[in-house]
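Take a look at the structure below.
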């Protein structure tokens, strides 16, 4: 079966066409997962699974009129695989005790800090708040862009705007560095309140 015809039928959720597409692309996807596993030290089966998820998620939105569809599917598989590597690397580099401390409110941190944080996010426009929410949920820029219907370049633009707004907000509000429980934080208290 010709690959384009197979992809067209697979987009229509034809199980036999999906199976034929998977078999046609299997050698390339397996080699790609093995290559990246050797490069980064991740488990090749985990990377292979992520690649298949990326490929199959991209299938319904595939436009057959643009370029080579199988190349697009392989690229989506690669992006998903690289995102998985990045997430695994981040999980390995954050010590458990630091993540546990950050997830629990520290008794020495003033309660009004959360109110000031709400005040800061209130200054952001709706798009910037949506971007910030996606990133705080742990999404990558690409995933946030997909969720919000824009590109990762748009997300990068909004992140720069959020950072600039935060610097201006902190500078105008007396940034005092504090050490709480061995963790460096920025006190967000305002003078005169």
(message) What does the extension gain come out to for residue 87 and residue 125, with contour length at 0.36 nm per residue minus their alpha carbon separation?
(response) 10.9 nm
(request) Using label points projected 7 Å from each Cα along Cα→Cβ, tell me how many nm separate residue 166 and residue 2, to one decimal. (result) 5.2
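Any read-out appearing in this document is the output of simple, stated calculations on the displayed coordinates, not a laboratory observation. Just so it is clear, the structure is predicted and the values come from calculations on it, not from any experiment. Cβ: placed from backbone, ideal geometry, glycine included. Neighbour counts: every protein chain shown.
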